[in-house]
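Everything below concerns the one structure shown next.
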Amino acid sequence: MVFLNIVLGICALIYLAYILFFFYGLHNVRSNDELNIEYPSLAIVVAARNEENNIRRTVESLAAQNYPADRYNIIVINDRSSDTTGVILKDLQGTVPNLKIITITECPPGVSPKKHALIQAVKTTQCAFILTTDADCVHHPDWLSSYTGLMEKNLGVATGITLFQLDDYRSGFEKLWQNMQNIEYMSHQIVLAGAIGHNVGFSANGNNMLFNRQLYDDYEHDALQKKVISGDDFFIIQTAEKMHYRLKFNLHPAGTVHTPPQRTLRDLINQRARWSSKIGKASAPVLLFSMNTFFYYLGLTLYPFLLLFSPGFWLAFVLLFGIKISCDTLYMVYGYKKFGQKLNPLYYILMELLHAPFIVIVAVVGSLFGFTWKGGRYKVDSKKM
């Protein structure tokens, strides 16, 4: 137990150092409160597969932008949909003149379907900057304009806040874990914003992201990692940092995107497992933070069981767990304030108690057992038969 406490103590100190790094990085992120009155040419790319319940609302929110229709295109990739997604898109073309549809019927073996779809879309536009969002998102009318003020020649990636939006809950239990999920998801965004404040690319929100198309043209392999099923946003921002591009975070209220959350705990675990599965291919700072956090959280998760055999070490557990709570609370409270959001204390406390074991579970599932996504069963870079 003494050796374990030493190891966990080192992990806790590294964790504290990272949180302080993120804290000061988030302090460096400046608000972009004013909308740019200029209208550079832009392209919005949306990859859609079997999104008949969402695609109309998404396209209509993009078509309703306070932005000249002749200055931006909406490019939707109908990626092997077996439902009525294609029919809905054809119908929308009659009322949305700047909507372009790309239909994909097959994906090359060994290539991520979503990344393949994005590549096809990028090839059809000459815009210097491209925005990506998901086929189940809803956008503020000034979403496009909130990004134009961030654009500059050396900008690599800019990303913004994504909020889960659910109109009703099927039970009191769902309300509980959905609100906890919201806070856990927000913690990821606060971390990536803090890293961006130091021009370090931990990740980005692919459903709310602007990128320099030069990253696709010059560094397609690094920026996309096409064989890795997930992570189009994850790899492109790390490539942008590596190639010394500027990274920015969009704090304008209109830059916030809304999307529905996962509706079952199984889907939630699958989603988080998919996100965690690619960590082994991350840049050194991301890998160090992720591995240290995993071992720290693993120790905190197992410690209560070890106390059954060594009850004299309960004070050490309180101290180790107290470091996590103190770090997280300091950063989350500041992050929510910076983002202009309200943190519910009750849901936050409950989330914090379960946070470490949850992260351990999804990391193990994503790395060892794979995940289900868009009707397929995947590992990190291969489809399981």
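The values are calculated or read from the model by the stated rules, or taken from the named source; none is laboratory data. Being a predicted model, the structure only gives us computed values, none of them experimental. Here Cβ is always computed from backbone atoms with ideal geometry, including for glycine, and neighbour counts include all displayed protein chains.
Going through (1) in contact (Cβ under 8 Å) with a residue 24 or more places away in the chain; (2) among the acidic types (Asp, Glu); (3) farther than 18 Å from Trp275 by Cα one by one, Asp217 falls short only on (1).
Within region 284-342, the residues that satisfy the criterion of being under 30 Å from Ile161 (Cα atoms) and aromatic (Phe, Trp, Tyr) are Phe289, Phe294, Phe295, Tyr296, Tyr297, Phe321, Tyr331, Tyr334, Tyr336, Phe339.
For region 341-356, which positions are assigned to a helix (DSSP H, G or I), free of Cβ contacts under 8 Å to residues at least 12 places away in the same chain and either not assigned by TED's automatic domain parsing to the domain that holds Tyr331 or not hydrophobic (A, V, I, L, M, F, W, C) (or both)?
Filtering region 341-356 down to residues assigned to a helix (DSSP H, G or I) leaves 345-356.
Filter once more, keeping what is free of Cβ contacts under 8 Å to residues at least 12 places away in the same chain: 345-346, 349, 353.
Once the filter is applied, which keeps residues that are assigned to a helix (DSSP H, G or I), free of Cβ contacts under 8 Å to residues at least 12 places away in the same chain and either not assigned by TED's automatic domain parsing to the domain that holds Tyr331 or not hydrophobic (A, V, I, L, M, F, W, C) (or both), region 341-356 yields only Pro345.
Only one of Met180, Met151 is touching a strand residue (DSSP E or B) at 6+ places or on another chain (Cβ under 9 Å), touching a residue at least 24 places away in the same chain (Cβ under 8 Å) and among the aliphatic types (A, V, I, L, M). Can you tell me which?
That would be Met151, the only listed residue that is touching a strand residue (DSSP E or B) at 6+ places or on another chain (Cβ under 9 Å), touching a residue at least 24 places away in the same chain (Cβ under 8 Å) and among the aliphatic types (A, V, I, L, M).
So that you can scan it fast, the table gives a plain yes or no per residue for (1) surrounded by fewer than 17 Cβ atoms within 10 Å (Cβ to Cβ); (2) over 19 Å from the mean Cα position of the chain (by Cα):
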{"site": "Lys281", "(1), (2)": "no, no"}
{"site": "Val286", "(1), (2)": "no, no"}
{"site": "Met291", "(1), (2)": "yes, no"}
{"site": "Leu307", "(1), (2)": "yes, yes"}
{"site": "Leu320", "(1), (2)": "no, yes"}
{"site": "Tyr348", "(1), (2)": "no, yes"}
{"site": "Val365", "(1), (2)": "no, no"}
{"site": "Gly370", "(1), (2)": "no, no"}
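Annotation note: Cβ proximity below 6 Å between a residue of region 293-311 that is farther than 26 Å from Ala17 by Cβ and a residue that is assigned to a loop (DSSP other than H, G, I, E, B) (sequence gap 6+ or interchain) occurs for Ser310/Met1. Note on region 89-112: residues that are over 30 Å from Pro253 (Cα atoms) and either among the acidic types (Asp, Glu) or surrounded by fewer than 21 Cβ atoms within 10 Å (Cβ to Cβ) (or both) amount to 13.
Checking the condition surrounded by 20 or more Cβ atoms within 10 Å (Cβ to Cβ) and at pLDDT below 95, which residue from Lys123, Lys115 passes?
On the way: Lys123 fails: surrounded by 20 or more Cβ atoms within 10 Å (Cβ to Cβ).
After applying the criteria, what remains is Lys115.
If you check Ser82 against the conditions, is it of a type in the set (S, T, N, Q) and within 23 Å of the chain's Cα centre (by Cα)? So Ser82 does not fit the description; no. Taking strands (runs of 3 or more DSSP E) as the structural unit, those lying wholly within region 128-247 and holding at least 2 residues that are surrounded by 20 or more Cβ atoms within 10 Å (Cβ to Cβ) correspond to 129-134, 155-160, 209-212.
So if I check each of Leu13, Leu8, which one is buried (at least 18 other Cβ atoms within 10 Å of the Cβ), part of a helix (DSSP H, G or I) and outside the structural domain of Thr85 (by TED's automatic domain parsing)?
Values: Leu13 fails: buried (at least 18 other Cβ atoms within 10 Å of the Cβ).
The conditions single out Leu8.
Here Ala240 meets the list (1) touching a Phe, Trp or Tyr at 6+ places or on another chain (Cβ under 8 Å); (2) under 30 Å from Leu166 (Cα atoms) almost entirely, failing just condition (2). Of the residues making up region 153-209, those that are more than 13 Å from the chain's Cα centre (by Cα) and aliphatic (A, V, I, L, M) number 9. Residue-level analysis places Ala254 outside the set of residues that are of a type in the set (Gly, Ala, Ser) and under 24 Å from Tyr18 (Cβ atoms).
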